[in-house]
Amino acid sequence: MCQMGFCFSELKQIEGLDLIGGSSVRVEFKKARLGTVVMFLSSRCPCSASHQSTLDQLSKEFGPRGFRFVGIHSNADEEVEAAREHFKKSGLAFPVIQDKKSGIADALGAFKTPHVFVLASNGEVLFQGGVDNSHVANAANKHYLQEALAMIVDGKKPSQKEVRVLGCEIRR
Amino acid sequence: MIEFLTALVLNGANHALAAACCGKSSAAPFLMVGDDQMQLSLGLALGNVVAHIADDGVPNFGSSRNSETSQAYKLDMAALLSDRIQGGFSVPIATYAVSRGNLQEASTGLGDVRLSLGYEFLPSWSYSVWRPQGFLFTGLTLPTGRSYDGRRQVMATDVTGTGYFTWTVGALLLKKWTVWDVFLVPETHYSFSRTTQDLGGAYTLSPGFGGSIGVGFGLSPGSGNLRFGFRLQPKLEQGLEVSTPAAAGNLVMSAGAVIATCDTGIDASYMMSSVDSVSVSYTDQTLLGPAMNTSLSRSLGINFQHRWER
């Protein structure tokens, strides 16, 4: 939903089974001081796998500075059990919620993996798009998500609210 | 006839789409529609004129003792100039062979090189059920091939180009839903007039406008690496006007008749890896109309594509 140049998610919270921890998790956007970083990930897509360690590092760097990080697994063509195994092995520092029937992906308009959204406590979409400008994390020379988070920490709006997302399409 | 075969084989027989995986498909091989920074396509098209058709729209399938065949290789290259702008070129090389009774003739030469620019005006940066991905493109075809009036061979097998600078503008719209995809490619082009001394005097040749609308759909079973496609492309060309040069009063000697054809095509593509794909296509102009004042061909194409990801 977009009004007067600002886009808002209809979601106020994300709730579901954490594939890593095995328990139900609820992430309320209003509880994050600076914002919630929602990351759509795949257990099969090489582009997604390539960015997992980058996202893990960002969560460790920006988590303590006021952001809540949450991964979402929406791909209907990936077995839940295989996804659980993949994300457990990955050792990510944030939960990865299983998105039943791609409802969270549809609500946010997530297109590919990895696709990231930074949401303010009121649901405003501060940033959305790719983690960086490459399919392969170590080949990137523009780090969009990191720049957006750093600007928000500095009390500014991200200079780019939307960027191209690279990766594999989410099968709904 | 050879002029027409040139146009078909060099432009019409390479319209295969890669498998739908990862959005790396192309209804126009000179455009990158995936998330790539560079793309190379190598194509081979084999064509055969099977009928000639006048303005009555009734095809004459001719004698089995006569044949007009072509074998054309084409290199297409495209590269990103910025996030949403890309540039590219196409280089065709063609061999034509004509056999009429006991007479046979064959020639090989460079075709018309094409330069192109594309702009992604509808990027897919978020999911939408209905919004397509859209490109605007423009191209300049250079008369690097030998034209009909500049031919040296008796049966014109050395004609590999039109002889005109042609400017093209068009759009490509693509949409994919799980295993299905559809595309629409409307384009129009204008070929600039030129003067020739090779018709027994000085004449101005004015081909004028033309256009086509390509439309098609594809199916990728199981959202896998294989895709089957179907496409239609009706084409219309303004007739070639022959006149005396301005200094001689622009007297119209011949106002050519409108040329119409309709390509019907099927194709199959396979993604060998995330960056390589191969496709085969079959194009037939004898199945659907309207068609008039031209030759009707059937052609078989094979195309290999390699991409460099961003």
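Counting only the backbone N, which residues of segment A:87-113 are under 16 Å from the spot 7 Å out from the Cα of residue A:162 toward its beta-carbon? Hits in segment A:87-113 for residue A:162 at 16 Å: A:106-112. Between residue B:52 and residue B:300, the distance separating the two model label sites (each 7 Å from Cα on the Cα→Cβ line) works out to 2.6 nm. Loop-located GluC sites (Glu not before Pro) in segment A:3-87 (DSSP state not H, G, I, E or B) with no more than 13 neighbouring Cβ atoms inside 10 Å: A:10, A:79. Partner lysines whose Cα lies under 24 Å from the Cα of residue A:60, excluding those fewer than 8 positions away in the same chain, are identified as A:12, A:30, A:31, A:88, A:89, A:112, A:142, A:156, A:157, A:161.
Rounded, prolate or oblate: pick one for segment B:220-310, where a ≥ b ≥ c are the square roots of the eigenvalues of its C-alpha gyration tensor, a/c under 1.5 means rounded, and failing that, prolate if a/b is larger than b/c, else oblate. It comes out prolate by the Cα gyration axes. A Gaussian network model of chain B, with springs between Cα atoms under 10 Å, assigns the largest mean-square fluctuation among B:154, B:182, B:215 to B:154. Add +1 for every Lys or Arg and -1 for every Asp or Glu among the other residues with Cβ under 13 Å from the Cβ of residue B:299, and state the total. Spelling it out: positives minus negatives among the neighbours equals -2. Using a simple spin-label model with pseudo-atoms 7 Å out from Cα toward Cβ, residue A:12 and residue A:80 lie 2.7 nm apart. Under 23 Å of direct C-alpha separation, and excluding same-chain neighbours fewer than eight residues apart, residue B:74 reaches these lysines: B:24, B:235. Database remark: amide H of residue B:127 closer than 5 angstrom to the amide H of A:110, A:111 (H placed geometrically; neighbours at sequence offset of 5 or more, or on other chains; Pro and chain starts carry no H).
Fewest-first ordering of B:155, B:271 by other beta carbons within 10 Å of each residue's beta carbon gives B:155, B:271.
Ellipsoid fit via the Cα gyration tensor, the protein assembly as shown: semi-axes of 54, 22, 18 Å, each the root of five times an eigenvalue, largest first. Using the Cβ of residue B:93 as centre and a radius below 14 Å, the other residues enclosed give a net charge of 0, where K and R count +1 and D and E count -1. Kindly identify chain B as rounded, prolate or oblate by the Cα gyration tensor criterion: order the square roots of the eigenvalues as a ≥ b ≥ c, call it rounded if a/c is under 1.5, otherwise compare a/b with b/c, prolate if a/b is larger, else oblate. Taking the square roots of the gyration eigenvalues as a ≥ b ≥ c, chain B is prolate. Of all aspartates and glutamates in the structure, the ones whose alpha carbon falls short of 19 Å from that of residue B:176, not counting any fewer than 8 places away in one chain, are A:77, A:106, A:169, B:35, B:36, B:120, B:267.
Under the simplified labelling scheme, the residue B:104-residue A:53 pair shows an inter-label distance of 6.3 nm, with each label point 7 Å from Cα along Cα→Cβ. Remark on residue A:27: its backbone amide H falls under 5 Å from those of A:14, A:15, a criterion applied only to residues 5 or more positions apart or on other chains, H modelled at 1.01 Å from N. Local charge for residue A:92 was computed over the other residues whose Cβ lies under 12 Å away, with Lys and Arg +1 and Asp and Glu -1, and equals +1. Specify which residue in the list B:203, B:238, B:126 is farthest towards the positive end of the charge dipole of segment B:110-263, using unit charges on the beta carbon of Lys, Arg (+1) and Asp, Glu (-1), about the Cα centre. So the residue furthest toward the plus end is B:126. Where is the GNM fluctuation largest for chain B (alpha-carbon springs, 10 angstrom cutoff): B:33, B:252, B:242? With Cα springs under 10 Å in chain B, the top fluctuation among B:33, B:252, B:242 is at B:252.
Computed from the coordinates by the stated procedures, all read-outs in this text should not be read as laboratory data. Remember, it's a predicted structure, so these values are computed and weren't measured experimentally. All Cβ positions, even for glycine, are placed from backbone atoms using ideal geometry, and neighbour counts span all protein chains on display.
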